[in-house]
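Have a look at the structure below, then the notes.
The values are calculated or read from the model by the stated rules, or taken from the named source; none is laboratory data. Every value quoted in this text rests on a predicted model; they were computed, and no experiment measured them. Cβ: placed from backbone, ideal geometry, glycine included. Neighbour counts: every protein chain shown. For the accessible areas, the whole protein counts, side chains as well, though only heavy atoms, and no ligand, DNA or RNA atoms are used. Shrake-Rupley method; radii C 1.70, N 1.55, O 1.52, S 1.80 Å.
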Amino acid sequence: MENKNMVLIGGNSDIGKAVAKILKDQGANIFSYSRSGESGEKLDVLGDWDSIEELPEEVHGLVYCPGSIQLKPFHRFSVEDFQRDINVNFLGAVKVLQAALKSLKKSKNASVVLFSTVAVQTGMGFHSSIASAKGAVEGLVRSLAAEWAPSHIRVNAVAPSLTDTKLAEQLLSTEDKKEASAKRHPLGRYGKPEDIAEAVAYLLSDKSGWVTGQILHVDGGMSTIKGL
């Protein structure tokens, strides 16, 4: 990672901060963007823009962290609810990647990491909106991995289960909720930002140099095994 330019969109999120710490410790140059601008440059992915200010000429790694969690019965979702999740999770990533493509190509060895969710592969009640939006992200990952492989740009995604972040604070707001959430995972706990950040760092690094078009499930076993 030494002297590589790493761009974090949504760098002020809990996972974004955890990723930044790992990459900084490994010698990377961090270019962080968030809606508030608190962690670096200001960028609202839902805003009206066509370029990313202060983007380095060469981008070796890009992580798109913005996300949302809307959980309720399908009949209570409006079309606008679905559109909001698609805008934040999918179309925002599309805009960012289009704006960064030239810089990604210039590095001649770049890695893009997006985020999905365990709920795409594992059907879960009340997740229809976010699972649909993240399903679009997974389709984008595989399509761009194929299209950009000749340019030596790898594209992968991390699909977490419930992780202890501000985004999920309502789902972990009491000790009873925390205990119930931990028990639902075969490994007996919900995720930490560092769990996800380590997976992201791996996908950005040369250690994953032969990995592209993959959805890496970091979910305590939720998507593939049944606990005792």
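Worth a mention:
- Averaged over residues, the count of other Cβ atoms within 10 Å places the peptides 41-48, 131-138, 8-15 in the sequence 8-15, 131-138, 41-48, highest first.
- Structure remark: mean-square fluctuation, Gaussian network model of the chain, C-alpha springs under 10 Å; the largest value among PRO150, PRO56, PRO160 belongs to PRO150.
- In the elastic network of the chain, a GNM with C-alpha springs shorter than 10 Å, the most mobile of ALA149, ALA199, ALA119 is ALA149.
- Dipole moment magnitude, nearest 20 debye, the stretch 114-206 about Cα centre, only Lys, Arg, Asp, Glu C-beta charged: 220 debye
- FRET efficiency, SER151 to SER51 (Cβ-Cβ, R0 22 Å, nearest 0.05): 0.65
- Reducing the stretch 81-123 and the stretch 124-193 to their Cα centroids gives an inter-centroid distance of 13 Å.
- Sites LYS24 and ASP176 - FRET efficiency at Förster radius 45 Å, r taken between beta-carbons, to 0.05: 0.75
- Overall form of the stretch 1-54 per C-alpha gyration tensor (a/c, 1.5; a/b vs b/c): oblate
- Per-residue ellipticity at 222 nm, computed for the chain from helices alone with -39500 (n - 2.57) per DSSP H run of at least four residues, works out to -11500 deg cm²/dmol.
- Solvent exposure of the chain amounts to 52 Å² per residue of accessible area, where only protein heavy atoms count and the probe is 1.4 Å.
- Carbon + sulfur, % of accessible area of the stretch 175-228 - ligands and nucleic acids excluded, 1.4 Å: 55 percent
- Each other residue within a Cβ distance under 15 Å of PHE90 adds +1 if Lys or Arg and -1 if Asp or Glu, for a net charge of +1.
- For the options ALA110, ALA168, ALA145, a Gaussian network treatment of the chain with springs between C-alpha atoms closer than 10 Å singles out ALA168 as fluctuating the most.
- Top positive-direction residue, dipole computed over the stretch 175-228 with Cβ charges, set LEU216, SER181, ALA199: SER181
- A convex hull fitted to the Cα coordinates of the stretch 77-163 yields 91 cubic angstrom per residue.
- Test item: Cα-centred dipole of the chain, Lys/Arg +1 and Asp/Glu -1 on Cβ, debye: 520 debye
- Mean projection area, nm², convex hull over Cα of the chain: 12.5 nm²
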